[in-house]
Structure formats: structure tokens, C-alpha cells
Amino acid sequence: MSSKLIGHRELFKDFVNFYNLGKLPNKILLSGHKGIGKSVFSSHFLNYIFSKEEEYPYDLENNEILERNKSYNLYFNNVHPNIFKIQKNVEKKNIEIEQIRNMIKFQNSSSFNNKERFVLIDDAEFLNINSTNALLKSIEEPNSNLNFIIIHDSNVKIKETLKSRCIEFKLYLKSSEIEFIIDSYFKNSIYSKISEDFKTHYNNPSFLINFIKFCNDKEIDFENISITEFIKILIDNKNYLKENFVLENLNFFIELFFYRNSNLVKNYSYDLKEYFYQKLSNVKKYNLDLESFFIEFEDVLINE
């Protein structure tokens, strides 16, 4: 968790005002691209609420969590009595219904300190049908002092029945904020050096940080490499079979390839882009062979 909130400060002020005026919606959906700080935003807001009467309360002027604060440490260790967190377990494909059932137990239990309570659901796009239905039943008639904050990657659809029950707030970062985050992370003016193929079309500091780390680890020149050259390296080294960073961003790499090489699609009588999009979707959906996908991709597009 970042102790300083970078970006989203106007929305944070709005949330603070809503809360202090007693007008905070009790079912909030935070939407935005993966990696732009939705979870960090939520943790800062919850710390503002619960640290008010504690030592080292939230520094609202600087949008900073003071790490000696009691609520911060309880939240960080996932034992805060007034906050129940749900997110997809690393080894699982979905948020499972058992996690929602445990949340319902929290919902139905009494609060020993009579303070409001919050359910924070990260990775809402990983709710399956059963867990979504169980959640819907829960949020339709929540206890009066129970609030939901649901975090959603806007690149992935969630059930409209869930979305319609929440007040949605859309988060984004300005280019200057992304640059500040990247340069602060590496303690160096590195953002301006990133290849334009990767920097200008993906508004996500988390991706760019991991891209730089991956390139450094593999001795790839992230300053000058094109997306075509990058995919060729991934294919030659079969990184798509063993590197989490690559596996998590395959769709983006393919999409970016077609964006940068749009002339390729025009040279074919059928919709080549949609063909490979659908093929990659089927590979993931049915756990098919990724290697055969990339053999065809390389033969048809990279070596054409």
C-alpha cells in the first residue's frame, strides 16, 4: 500500500466531503483501468475515516497515511474489525462463493465499537455467477451501518445487475501523474525514455513499471524497442509460457501490435485482427496451446 496518494485528489476531496456531510453512497463502484490506483484510493479513504480519533490520523493536507497509525496496521494485516476485504486469491480463477459467505457472516455480526463498517471488494471482474448472485442478495438490503466499495477493472465487463445497484465513480490518471509515479518508483527520470510504442497508448503506471522491470531483467532495450520487435523476442524465448507479466498482458500486446501495424489488416481479404483476437480468446477460455497460436501469429504477421 502506498503511503502517499498520487492522483485522484479532487475525487478524494469529494469523498471526504460526502462522508462528512453524511451523503456518502453506501454502494460505491470504483471503475478504471487496472493499475491506476483504485485500491490505493480506497485504502486512503478508509484510513481517513478510521484514523480520525486515533494517534497519527490521516494527513489530509498531504494525502498521506501515517504508517504508525493503528488502523493502518490493522488494515495492512487484514485484521481491521470494521473492514472486510475480498479479492481473488492468486491461485484461483475467480472470487469464490465461500468468500462472499464469509462476508455475509461479517455483515450479520454486530459491531463491537458501533462504528460503520465497510466491505471492500477488489477485482470485481473475477466474481463468477454464483458469487455475484450471493453478493447481489447481500447488497440489496445491507445493514444500516454497512457500506460497500467495489473495485472494477473497466476493461472487463461486470454483471449489469451489480453495476446498476451501485453509484459509479470513474478514476483515471493524467499523463503528468503517470510520469511522476514512474520516475518516483525508479528514482530516476525514466518515463521520457520509454519507447513510444508502449508509453502513449496504455494509461497504466503499474504496467509501465513492470514493463521496464521485465526489460531490464531480460536485457531488452525498453527505450527503442518496437512492439513488433518485442513480440518477436517473446516468441523466440517462449516467454508467453513462463512469465506472469507476459501472460497477464497478452491481449494488450496483440492489440497494440495491430494498432501500430494497422496496414497489415488492410492487406488481407478477411478481418485478420478479429481472427487473432478470437483465437487468443479461445486459447484462454479453453486452455488451448499458446505455442501454436504464436507460431501462426509469427508466420502470418511477423514474418510476412
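Only the coordinates and a few stated rules stand behind these numbers; no lab work does. Not measured: the values here are computed from a predicted model. Here Cβ is always computed from backbone atoms with ideal geometry, including for glycine, and neighbour counts include all displayed protein chains.
Numbers for the structure displayed
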| item | result |
| --- | --- |
| Bridge type composition, the chain - antiparallel percent by DSSP, nearest 5 | 10 |
| Eligible aspartates and glutamates near K23 by straight Cα distance, threshold 15 Å, same-chain separation 8 or greater | D14, E116, E168 |
| Charge dipole magnitude, Cβ of K and R +1, D and E -1 - the stretch 175-302, Cα centre, debye nearest 20 | 200 |
| Between the stretch 6-27 and the stretch 288-304, the Cα center-to-center distance that results, in Å | 48 |
| Stretch gain in nm, segment S206-L66, where the contour uses 0.36 nm per residue and the Cα spacing is subtracted | 48.1 nm |
| Å³ per residue enclosed by the Cα convex hull of the stretch 43-195 | 163 |
| Charge-dipole axis of the chain as Lys and Arg at +1 and Asp and Glu at -1 on Cβ define it, positive-most pick from Y259, I121, N62 | I121 |
| Computed label-point distance, nm, for sites D236 and F253 using a 7 Å Cα→Cβ extension | 1.4 |
| Entries in K27/K163; K137/K284; K27/K159; K93/K242 that, when Cα-Cα distance is taken, lie over 19 Å | K137/K284 |
| Computed magnitude of the charge dipole of the chain (debye, nearest 20; Cβ of K, R +1, Cβ of D, E -1) | 1080 |
| Within the stretch 12-146: Cβ-based charge dipole about Cα centre, in debye rounded to nearest 20 (Lys, Arg +1; Asp, Glu -1) | 340 |
| Kirkwood Rh in Å, taken over the stretch 175-302 so that all alpha-carbon pairs contribute | 15.6 |
| Centre separation in Å (Cα based) which lies between the stretch 231-263 and the stretch 173-187 | 24 |
| Inter-probe distance in nm under a simple model that places probes 7 Å from Cα toward Cβ, at T228 and K159 | 4.5 |
